[in-house]
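Trainee: My structure is below; once you've seen it, I'll send some questions.
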Amino acid sequence: QVQLVESGGGLVQPGGSLRLSCAASGSIFSINDMGWYRRAPGKQRELVAAITSGGSTNYADSVKGRFTISRDNAKNTMYLQMNSLRPEDTAVYYCKLVIQTTSWAYDDDYWGQGTQVTVSS
């Protein structure tokens, strides 16, 4: 069993910052790609940022220069530092980790429970 716990969401004023965390625990052999997604009201889920096991990153155009994704492999944890937040960043943010639970298992996707980020004055 693998559990993902997200934290760090909340209400922030435009221009403010938040840091999201996604911690994985349980039966984990290796964690490969990691990513943050979000779903705004009335919109489809979109990829916000992703990071590979080697540390390569990519970002949605709308967050480039404002958000930074990182990972701490020793802690099985991923982060999303969000700066210069805008009202249009308001959404539920989900983490997704691609995890291999044993050396003989295939990779599988695991999702966090979601955390609300609201940017409003």
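The values are calculated or read from the model by the stated rules, or taken from the named source; none is laboratory data. It should be emphasised that the depicted structure is a prediction, and the values quoted were computed from it without experimental measurement. Don't worry about glycine lacking a Cβ; one is built from the backbone with ideal geometry, like all the others, and counts go over all protein chains shown. Quick note on the areas: whole protein, heavy atoms, side chains included, nothing else; ligands and nucleic acids left out. Shrake-Rupley method; radii C 1.70, N 1.55, O 1.52, S 1.80 Å.
Trainee: Any idea what the relative contact order of the chain is, in percent, if you count C-alpha pairs under 8 Å spaced at least 6 apart?
Mentor: 36
Trainee: Let me check I've understood the local charge: for residue 78, count other residues with C-beta under 15 angstrom from its C-beta, Lys and Arg +1, Asp and Glu -1. What total comes out?
Mentor: Net charge around residue 78: +1.
Trainee: Turning to a different aspect of this structure: Heavy atoms of the protein only, probe of 1.4 Å, neighbouring chains included. What is the accessible area of residue 92 in Å², nearest 10?
Mentor: Counting only protein heavy atoms, residue 92 exposes about 40 Å² to solvent.
Trainee: Still on this structure, please answer the following. Residue by residue through the stretch 11-16, what is 3J(HN,Hα) from phi via Karplus (6.51 cos²θ - 1.76 cosθ + 1.60, θ = phi - 60°)? Round to whole Hz and write x for glycine and proline.
Mentor: Couplings: 9, 9, 7, x, x, x Hz.
Trainee: Sticking with this structure for a sec: Give the accessible surface of the chain per residue, rounded to a whole number of Å², with probe radius 1.4 Å and ligands, DNA and RNA excluded.
Mentor: Using a 1.4 Å probe on heavy atoms only, each residue of the chain averages 53 Å².
Trainee: Given a 1.4 angstrom probe, I'd like the percentage of the accessible area of the stretch 42-115 that is carbon and sulfur, rounded to a whole number.
Mentor: For the stretch 42-115, the apolar C and S fraction of the accessible surface comes to 45 percent.
Trainee: Classify the chain as rounded, prolate or oblate from the Cα gyration tensor: take a ≥ b ≥ c as the square roots of its eigenvalues, call it rounded if a/c is under 1.5, otherwise prolate when a/b beats b/c and oblate if not.
Mentor: It comes out prolate by the Cα gyration axes.
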